[in-house]
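Just below is one structure, and these are the notes that go with it.
The values are calculated or read from the model by the stated rules, or taken from the named source; none is laboratory data. Predicted model only: the values in this text are computed from it and were never measured. A quick note on method: Cβ atoms are made from the backbone with ideal geometry, for glycine too, and the neighbour counts reach across all protein chains shown.
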Amino acid sequence: MSATPSTMLELGTTLPPFRLRDLDGKVATSNDFGNAKGLLVAFICPHCPFVRHIRGEFARAVEEFQQRGLAVIAINSNDVTAFPEDDPEGMRQEAQEVGYTFRYFFDDTQEVAKAFCAACTPDFFLFDDRQRLVYRGQFDDSRPKSEIPVTGEDLRAAVDALLAGRHVSPVQKPSLGCNVKWKKGNEPAYYASR
C-alpha cells in the first residue's frame, strides 16, 4: 500500500469556510463552532487501511475530547465512483461499527478537502477557539503492520495543550495514509505537484 503524507498546512491558518451535510442530512458550516474550546477536523473514510488501523482508538479519544469541550467533525472527500464503499451508506456502517460520536460529512465536490489542503486519510487539523490552526499531523507513530501500539499520543498531546491553555508544540509529524481519492481531473495543484 502506498502512503501519502500530510501537506502540513501552515500553522496559524484560519479555519477554511465550509458548508456540508452530515449523514442525517443536517447542514453545518464553519461558523457553527464559535462557542467550542476548539475544533478538530479529521479527513477519514471507511475503506482506508490506515484509518481502519486507528479508528477504534480514535473513536475513544474523540469521546474524551468532546467531554472536555472540543468540537469534532470528520469529512470524507473520496470519489465514490471509484471507491463505492466510501459512499454515505459505507460511512453510516463505519460510524455504527466503530461507535463514532462525531458528525460525519460527505464532501462530494471535494472543495472542502481542497480548502484544507487535505492529502491523505487520516489527516487531522486542530483549530483553537479563535479558529486558528494549532496542529496538523499524525495521530501517532503507529502504522498498519507496525509493532507500535495505537495510542493517539501526538494528537492527544496537542489537544491536551490546547484545552489547558498551553502552547501547542510546533514540532509536529505529518500524518501518513492513503491519498484522498480525487475525481478524475479534479486533483488540486498542491497534490499534483507532489
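Considering Ala36, Ala59, Ala95, which residue is small (Gly, Ala, Ser), out of contact with any Asp or Glu (no Cβ under 6 Å at 6 or more places or on another chain), closer than 20 Å to Arg143 by Cβ and crowded, with 16+ Cβ neighbours inside 10 Å?
Numbers: Ala36 fails: closer than 20 Å to Arg143 by Cβ; Ala95 fails: closer than 20 Å to Arg143 by Cβ.
Of the residues listed, the single one that is small (Gly, Ala, Ser), out of contact with any Asp or Glu (no Cβ under 6 Å at 6 or more places or on another chain), closer than 20 Å to Arg143 by Cβ and crowded, with 16+ Cβ neighbours inside 10 Å is Ala59.
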Near pairs, Cβ below 6 angstrom, 6+ apart or cross-chain, from the range 106-117 (touching a residue at least 40 places away in the same chain (Cβ under 8 Å)) to any residue that is surrounded by fewer than 17 Cβ atoms within 10 Å (Cβ to Cβ) and in a helix (DSSP H, G or I): Cys117/Tyr190
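For the range 71-87, how many residues are touching a residue at least 60 places away in the same chain (Cβ under 8 Å) and surrounded by fewer than 23 Cβ atoms within 10 Å (Cβ to Cβ)?
Residues flagged as touching a residue at least 60 places away in the same chain (Cβ under 8 Å) and surrounded by fewer than 23 Cβ atoms within 10 Å (Cβ to Cβ) within the range 71-87 amount to 4.
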How many residues does the range 72-106 hold that are touching a helix residue (DSSP H, G or I) at 6+ places or on another chain (Cβ under 7 Å), among the β-branched types (Val, Ile, Thr) and more than 24 Å from Ala36 (Cα to Cα)? 2
So for the range 106-115 (the condition being assigned to a strand (DSSP E or B) and farther than 23 Å from Val171 by Cα), does at least one residue qualify? yes
Which count do you get for residues in the range 142-194 that are crowded, with 18+ Cβ neighbours inside 10 Å, out of contact with any Lys or Arg (no Cβ under 6 Å at 6 or more places or on another chain) and at pLDDT below 95? 1
Checklist (1) free of Cβ contacts under 8 Å to residues at least 40 places away in the same chain; (2) among the basic types (Lys, Arg); (3) out of contact with any helix residue (DSSP H, G or I) (no Cβ under 8 Å at 6 or more places or on another chain) applied to Lys173, failing item: (3)
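Residue by residue through the range 117-133, note down the ones that are closer than 22 Å to Ser77 by Cβ and either more than 10 Å from the chain's Cα centre (by Cα) or part of a strand (DSSP E or B) (or both).
Kept after step one, since they are closer than 22 Å to Ser77 by Cβ, are these residues of the range 117-133: 117-127, 131, 133.
Correct list: Cys117, Ala119, Cys120, Thr121, Asp123, Phe124, Phe125, Leu126, Phe127, Gln131, Leu133.
Restricting to the range 37-64, name every residue that is acidic (Asp, Glu) and closer than 14 Å to Phe124 by Cβ. Let's see the steps before the verdict.
Taking the range 37-64 and keeping what is acidic (Asp, Glu), we get 57, 63-64.
The answer is Glu57, and nothing else.
So is Gly69 in contact with a helix residue (DSSP H, G or I) (Cβ under 6 Å, 6 or more places away or on another chain) and either at pLDDT below 95 or farther than 21 Å from Gln96 by Cβ (or both) or not? Lay out the reasoning, then the answer.
Numbers: in contact with a helix residue (DSSP H, G or I) (Cβ under 6 Å, 6 or more places away or on another chain): no; either at pLDDT below 95 or farther than 21 Å from Gln96 by Cβ (or both): yes.
Taking the combined requirement at face value, the residue does not satisfy it.
Would you check if there is a residue in the range 124-131 being modelled with pLDDT of 95 or more, under 18 Å from Thr4 (Cα atoms) and touching a strand residue (DSSP E or B) at 6+ places or on another chain (Cβ under 6 Å)?
Taking the range 124-131 as the starting set, the residues that turn out to be modelled with pLDDT of 95 or more are 124-131.
Retained after the next criterion (residues that are under 18 Å from Thr4 (Cα atoms)): 124-125.
Filter again for touching a strand residue (DSSP E or B) at 6+ places or on another chain (Cβ under 6 Å), leaving 124-125.
The answer is yes; a qualifying residue exists.
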Mind checking whether some residue in the range 165-179 is assigned to a loop (DSSP other than H, G, I, E, B), closer than 17 Å to Leu39 by Cα, under 16 Å from the mean Cα position of the chain (by Cα) and not hydroxyl-bearing (Ser, Thr, Tyr)? no
Lone unmet requirement of (1) within 27 Å of Leu162 (Cα to Cα); (2) assigned to a helix (DSSP H, G or I); (3) in contact (Cβ under 8 Å) with a residue 24 or more places away in the chain; (4) of a type outside the set (Val, Ile, Thr) for Glu64: (3)
